[in-house]
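The values are calculated or read from the model by the stated rules, or taken from the named source; none is laboratory data. Note that the coordinates shown come from a computational prediction; the quantities given were computed from them, not determined experimentally. Reconstructed Cβ throughout: ideal geometry from the backbone, glycine too, with neighbour counts over all protein chains shown.
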Amino acid sequence: MFINKELAPKNVNTLILRVDFNYRFKSHPELASAKGLSEPDVKKIVLACRTNGITIIPQINLLGHQSWASQVGRLLEVYPQFDETPHVKIPEVYKWPNEDNLYCKSYCPLHPDLHKIVFDLVDEICNVFEANGFHAGMDEVFYIGDDKCPRCAGRDKSELFAGEVRTIRDHLAQQNKTLWIWGDRLLDGRTTGLGMWEGSFNNTHRAIDMIPKDIIICDWHYERADKTAVFFAMKGFKVITSSWRNPVVSGQQVNDMFAFRQTATASMKERFLGVLQTIWDAPSRFLKDYYRKQPPNATNKNTPENSFREMFSQINKLAK
């Protein structure tokens with residue numbers, strides 16, 4: 001319903017759906033979620049998107065985000081040998097900051113058995129969604145090239161990150177599919193002042209000069225309308241500016257994207273693809289709040305649904 005009644009009338013042209021392990025995988029049933037999407041569920045989404053001219057891009061978080069808070073993710077739960085930092089134990093009660101600098105676990109990109117399993121999942125999810133692109137996440141990777149990893153220790157972290165990006169990209173390219181990733185690990189968090197979340201503090205930013213230019217970058221900034229989309233475009237990448245819950249920032253990002261396109265050279269213009277609204281709540285919660293006449297906290301204007309509305313309000317103003 002939301003696709004037909006909300007996204008289509010707003011001329012949304014792309015939907016990224018974070019699936020992760022919330023699908024009943026057939027290639028690796030040991031990684032499947034019994035409560036996840038079934039193939040018939042997916043086909044309903046695919047049909048709705050196709051009917052409305054919306055490209056759907058499925059996402060499985062690769063490399064980073066292999067745990068959350070006090071819960072290890074499905075991949076490392078079933079295959080603990082893929083853990084980059086097995087010596088870092090998931091606490092019963094998670095707090096940040098912590099002594100282990102644990103935000104989310106990562107898998108070891110150099111484990112010899114990893115990619116066979118991961119790519120089975122990627123191929124299956126791309127096939128069932130009939131997708132021509134795949135979003136690999138790869139954001140907020142704090143654990144990479146750990147000193148205790150028997151394969152990664154001592155290696156350049158930027159080369160490790162770039163190598164994993166290339167490996168995923170090359171696999172998709174064999175099937176004429178495009179890789180999408182978040183852009184934060186390709187930004188220098190210290191020099192720019194962006195910090196360790198929106199930028200890198202472990203030197204992975206140097207990987208930007210080591211990866212193919214046909215990768216699409218989702219450049220997220222949630223509290224400020226940082227102009228790093230220009231940086232990515234100047235490096236030769238197609239880029240999408242991404243917002244979350246701040247309507248003021250979301251509106252400014254729309255204005256910036258219009259300005260980038262209007263003032264760019266002919267070579268640069270086509271690299272500014274647009275803006276993306278991210279939703280990190282469960283879809284049911286977002287939809288409940290979106291359609292509710294009175295939000296749970298009416299004094300809090302910083303919500304994803306308000307950011308979503310402001311994005312399209314600004315687009316409509318600029319389109320006149």
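Remarks
- Restricting attention to region 249-273, the residues that are surrounded by 18 or more Cβ atoms within 10 Å (Cβ to Cβ) and among the charged types (D, E, K, R) total 2.
- Taking the criterion of being in a loop (DSSP other than H, G, I, E, B) and touching a residue at least 40 places away in the same chain (Cβ under 8 Å), the residues of region 174-200 that qualify are GLN175, ASN176, LYS177, GLY183, LEU187.
- Sub-6 Å Cβ pairs linking a first residue in region 124-143 that is hydroxyl-bearing (Ser, Thr, Tyr) to a second residue that is crowded, with 19+ Cβ neighbours inside 10 Å, at least 6 apart or interchain, are TYR143/GLU84; TYR143/THR85; TYR143/SER106, ordered by first then second residue.
- Against the test of being more than 15 Å from the chain's Cα centre (by Cα) and at pLDDT 95 or above, the options GLY64, GLY73 yield a single qualifying residue, GLY73.
- Residue that is surrounded by the most Cβ atoms within 10 Å (Cβ to Cβ), among those in region 180-209 that are of a type in the set (A, V, I, L, M) and touching a Gly at 6+ places or on another chain (Cβ under 8 Å): ILE181
- Residue list for region 46-89, filter: under 25 Å from ASP147 (Cβ atoms), assigned to a strand (DSSP E or B) and not small (Gly, Ala, Ser): ASN61, LEU62, TRP68, VAL72, ASP83
- Matching entry among PHE161, PHE142 (being assigned to a loop (DSSP other than H, G, I, E, B) and of a type outside the set (Ser, Thr, Tyr)): PHE142
- Of the residues examined, ARG166 is one that is without any contact (Cβ under 8 Å) to a residue 60 or more places away in the chain, under 17 Å from the mean Cα position of the chain (by Cα), surrounded by fewer than 20 Cβ atoms within 10 Å (Cβ to Cβ) and part of a helix (DSSP H, G or I).
- For region 71-88, the criterion of a residue being in contact with a His (Cβ under 6 Å, 6 or more places away or on another chain) and farther than 19 Å from GLY133 by Cα is satisfied by at least one position.
- Within region 21-80, considering residues that are farther than 28 Å from LEU7 by Cβ and among the β-branched types (Val, Ile, Thr), the one surrounded by the fewest Cβ atoms within 10 Å (Cβ to Cβ): VAL78
- Condition met for LYS177 (in contact with a strand residue (DSSP E or B) (Cβ under 9 Å, 6 or more places away or on another chain), under 14 Å from CYS108 (Cα atoms) and surrounded by fewer than 22 Cβ atoms within 10 Å (Cβ to Cβ)): no
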